[in-house]
Amino acid sequence: MVKLDDEAAVAPGHQPTNGYLLVPGGEPPGKVSAEPQNGPKGGLLTLNGVSRDSLAAAAEALCRPQTPLAPEEETQTRLLPTGPGEETPGTEDSQAPQIALSARRFVVLLIFSLYSLVNAFQWIQYSIISNIFEGFYGVSSLHIDWLSMVYMLAYVPLIFPATWLLDTRGLRLTALLGSGLNCLGAWIKCASVEQHLFWVTMLGQFLCSVAQVFILGLPSRIASVWFGPKEVSTACATAVLGNQLGTAVGFLLPPVLVPNTQNDTDLLACNISTMFYGTSSVATFLCFLTIIAFKEKPQYPPSKAQAALQKNPPADYSYKKSIRNLFRNVPFVLLLITYGIMTGAFYSVSTLLNQMILTYYKGEEVNAGKIGLTLVVAGMVGSILCGLWLDYTKTYKQTTLIVYILSFLGMVIFTFTLDLGYIIIVFVTGGVLGFFMTGYLPLGFEFAVEITYPESEGTSSGLINAAAQIFGILFTLAQGKLTTDYGPKAGNIFLCVWMLLGIILT
């Protein structure tokens, strides 16, 4: 392309160079006004002090209007540098970068979702049959609760190095660490099927909890790096969906695979061993798939905004500065607290569900698992619908507030119908609670990315997940104590109060 001057024309379909940025105007094709941007017809914006006559000459040569950006790209492009000497999306020296959607994006999303599923399964596999593991290992209910809470505890100090690794070493290495540690932890558990080896199963669970640190922050990064502007929210929701599905399977399978046969210790050990070896085999297969098929990024960027970020990576990127910027962002700090409350409540309910159900419905371990399954499956439907809704409307705050209020109402209904003596009612109320409470999870991710751009998605996702883990530990300990001393209703009312506070902050 020739340099633009008073006499030069711009080739059809190309954006003008020498610092001009097209701004949508009201003129018909081929007659774009050359008045200043803040004028009545603002068609071209002068960036480098070139005369208005030059702009008019260039504008007359334009043969067709520029292709409008998608909503996500319009938001992001406004935040990219447009000053002298800096590139903007689509203003390269020769031609616009090639934008394409890779078919591999679905493979990457599927592999991630599956090993995230296995990791979530291992989180909840003890809690949903906590009374059985208490009897097998001869430990208290608090020991079994810690097999769940170790996931939350490990996340808080490790999220910062994990996020730094994601931002500096990339997506593939982070994915390999998550899948590999998940596989290693599963195999260590296979060696813990002896009544005196509770510490071995805790070690395996700890490694799985470290793997989780390299998993929970990836959905928004995978969505933005691999998927097009109109797919981002849905892809993020689908990635979160894998983790939710793992929790659902964790509620369903353990009560079936490990029935309550504490009068026959050998049979119980055999059943536990079957569950552990099955889990480790699946985790190993997915680890190999991750090594083979998981790539850092597609050959071509999926959007103009990603192309601009890849072409002009921030040379002066500072992880500490990014953290400081996020904590100075008041809307993000409020979201940090409210997301932590909602997700922490979900973690607490999931961990203590077996104890709550068995308090009022003795011997119903299998139904307790099915209620947990209902809660999470309904939440998976909610997650997908919320992702589709965000892609369609971009109403982040309104959607978040409505879902938060409905989650609170669902928690209130669940609390005051739990002891009615009809387990079918618990299935219904659990499903309603899960639909909104679990459906909120991808909303938090996408809202965080939206209000913190251009900060790294991995950093913002990591921080809101850390808040969720902190609240999860505190809520599980407090609700567990209240449930033991005063019954499940007291523990659930405690969560209702906190969720009401979350509504006010939202």
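Rounded to whole Å, the principal axis extents of the Cα atoms in the stretch 355-502 read 52, 29, 25, largest first.
Entry comment: accessible area of the stretch 176-217 is 35 Å² per residue, from protein heavy atoms only and a probe of 1.4 Å. Peptide packing for 375-381, 254-260 was compared via the average number of neighbouring C-beta atoms within 10 Å per residue; ordered from the highest value, the list is 375-381, 254-260.
For the listed peptides 213-220, 421-428, a ranking on the average number of other beta carbons within 10 Å per residue, highest first, reads 213-220, 421-428. The order of the peptides 242-252, 141-151, 267-277 by mean Cβ neighbours within 10 Å, most packed first, is 242-252, 141-151, 267-277.
For the stretch 324-505, the solvent-accessible area works out to 37 Å² per residue, with a probe of 1.4 Å and every protein chain left in place.
The values are calculated or read from the model by the stated rules, or taken from the named source; none is laboratory data. The structure displayed is predicted, hence computed values, not measured ones. All Cβ positions, glycine included, derive from the backbone under ideal geometry; neighbour counts span all protein chains shown. For accessibility, only protein heavy atoms count, side chains too; no ligands or nucleic acids. Shrake-Rupley method; radii C 1.70, N 1.55, O 1.52, S 1.80 Å.
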